[in-house]
Amino acid sequence: MPHHRNLAPPAQRGADRPVIHDELRSHYDALYDLLLNGRRARDARPVLDVGSGDGLALSAIMQGTPLHGIAIDSAATGPWLGPSDWALVQADAQRLPFADSRFRSAMMVDVLEWLRHPAATLREIARTTNGPILIVQTDWEGLWFQVDRAEIGRDLVRGFTKGAPEELRGLIKSAAEAAGVTVTQMSSVSIETNRLDQGSLAWDVLESIRRFLVIESAQVRARRFDDWRSELQLAADEGQFSMLVRRVVALVEAGET
């Protein structure tokens with residue numbers, strides 16, 4: 001029987017816990033169930049979260065659960081948005097400062113694209129984890145927006161997704177094989193939404209794209225992006241907007257492949 005979270009998210013950001021997008025709530029419920037892998041929650045902790053960043057994804061999965069553990073990242077982050085009862089450690093994922101089998105579960109969410117040596121990182125996580133390792137990676141190459149002027153939309157999305165890992169299933173399988181761990185489950189999840197109101201998933205994805213293309217990389221002029229954004233908003237107002245994003249979800253465990 002699924003062990004879903006038992007606390008509803010707050011009405012708006014800035015409360016004790018970050019908001020879970022409505023479009024992603026059932027997805028995060030499924031990720032939590034997969035991390036438990038049929039165990040009771042007390043048998044799945046402590047958990048190691050690798051590449052936590054600001055903790056937002058970690059909070060989305062752990063919100064309303066009795067799981068606790070340690071979150072690590074190689075760089076100092078900004079304000080922590082993750083669970084307040086988790087310990088934060090700055091460490092290199094290829095040289096984890098933990099004993100063998102210290103954890104009962106581990107997870108990486110949207111971390112593969114930042115790893116220079118995925119197999120070495122996965123091998124080190126497996127060394128410190130006596131249990132399943134949950135890998136979740138957004139397939140940015142499959143990000144899609146409906147827009148009449150499709151050529152502009154494709155250009156901007158491609159600029160944002162340039163360098164994203166391709167063939168994620170193959171990448172995960174090859175990294176697991178090299179790390180000496182076994183992929184026990186793997187699936188692709190498609191998340192589609194037709195909402196473009198403030199605080200929605202599509203709204204926040206577009207904010208991320210704008211921040212990267214206009215502010216961080218200066219690849220696109222703000223006016224050009226905002227014109228495209230206005231077209232999307234108009235389509236949404238007319239009930240003709242949709243966005244599709246895909247994720248690859250895998251569960252791996254120590255053992256010979």
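Conditions tested, residue by residue: (1) buried (at least 22 other Cβ atoms within 10 Å of the Cβ); (2) under 23 Å from Ile191 (Cα atoms).
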position	(1), (2)
Val47	yes, no
Leu56	no, yes
Ser59	yes, yes
Pro79	no, no
Arg95	no, no
Glu113	no, yes
Out of the stretch 97-111, which residues are within 16 Å of the chain's Cα centre (by Cα) and buried (at least 17 other Cβ atoms within 10 Å of the Cβ)?
Ala106, Met107, Met108, Val109, Val111
Here are Ala202, Ala178: which of them is of a type in the set (A, V, I, L, M, F, W, C) and buried (at least 16 other Cβ atoms within 10 Å of the Cβ)?
Ala202
Failed item in (1) surrounded by fewer than 16 Cβ atoms within 10 Å (Cβ to Cβ); (2) of a type outside the set (Phe, Trp, Tyr); (3) within 20 Å of Phe98 (Cα to Cα); (4) at pLDDT below 95, with Asp43 passing the rest:
(4)
Counted residues, the stretch 147-175 - those being more than 17 Å from Ser187 (Cα to Cα) and either outside any loop (DSSP other than H, G, I, E, B) or under 20 Å from the mean Cα position of the chain (by Cα) (or both)
15
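Residues that are of a type in the set (A, V, I, L, M) and free of Cβ contacts under 8 Å to residues at least 40 places away in the same chain, at least 1 per element: which strands (runs of 3 or more DSSP E) completely within the stretch 76-146 meet that?
Numbers: elements: 87-90, 105-109, 133-145.
Strands (runs of 3 or more DSSP E) meeting the threshold: 87-90.
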The condition from (1) touching a His at 6+ places or on another chain (Cβ under 8 Å); (2) modelled with pLDDT of 90 or more that Gln137 misses is numbered (1)
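Per-residue answers, yes or no, for (1) surrounded by 13 or more Cβ atoms within 10 Å (Cβ to Cβ); (2) basic (Lys, Arg); (3) out of contact with any Ser or Thr (no Cβ under 8 Å at 6 or more places or on another chain):
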position: Thr193; (1), (2), (3): yes, no, no
position: Asp197; (1), (2), (3): no, no, yes
position: Glu207; (1), (2), (3): no, no, yes
position: Arg211; (1), (2), (3): no, yes, yes
position: Phe225; (1), (2), (3): yes, no, yes
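If you take the residues of the stretch 35-67 that are within 12 Å of Gly131 (Cα to Cα) and aliphatic (A, V, I, L, M), which of them is farthest from the chain's Cα centre (by Cα)? So that I can check it myself, show each step before the final result.
Taking the stretch 35-67 as the starting set, the residues that turn out to be within 12 Å of Gly131 (Cα to Cα) are 35-39, 43-48.
After this cut, where a residue has to be aliphatic (A, V, I, L, M) as well, the list is 35-36, 44, 47-48.
Details: Leu35: 14, Leu36: 17, Ala44: 20, Val47: 16, Leu48: 15 Å.
Restricting to residues being within 12 Å of Gly131 (Cα to Cα) and aliphatic (A, V, I, L, M), the top hit is Ala44.
Return the only residue of Ser230, Ser190, Ser174 being among the polar types (S, T, N, Q) and in contact with a helix residue (DSSP H, G or I) (Cβ under 9 Å, 6 or more places away or on another chain).
Working: Ser230 fails: in contact with a helix residue (DSSP H, G or I) (Cβ under 9 Å, 6 or more places away or on another chain); Ser190 fails: in contact with a helix residue (DSSP H, G or I) (Cβ under 9 Å, 6 or more places away or on another chain).
The match here is Ser174.
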Hey, could you check the stretch 228-252 for residues that are part of a helix (DSSP H, G or I) and touching a residue at least 12 places away in the same chain (Cβ under 8 Å) and say which is surrounded by the fewest Cβ atoms within 10 Å (Cβ to Cβ)?
Gln233
Of all residues making up the stretch 42-75, the number that are without any contact (Cβ under 8 Å) to a residue 40 or more places away in the chain, assigned to a loop (DSSP other than H, G, I, E, B) and aliphatic (A, V, I, L, M):
2
For Ser188: the one exception among (1) under 30 Å from Thr121 (Cα atoms); (2) surrounded by 15 or more Cβ atoms within 10 Å (Cβ to Cβ); (3) touching a strand residue (DSSP E or B) at 6+ places or on another chain (Cβ under 6 Å)
(2)
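The values are calculated or read from the model by the stated rules, or taken from the named source; none is laboratory data. Just so you know, these numbers come straight off a predicted model, no measurement behind them. Quick reminder, even Gly has a Cβ in these numbers, built from the backbone with ideal geometry, and neighbours come from all protein chains shown.
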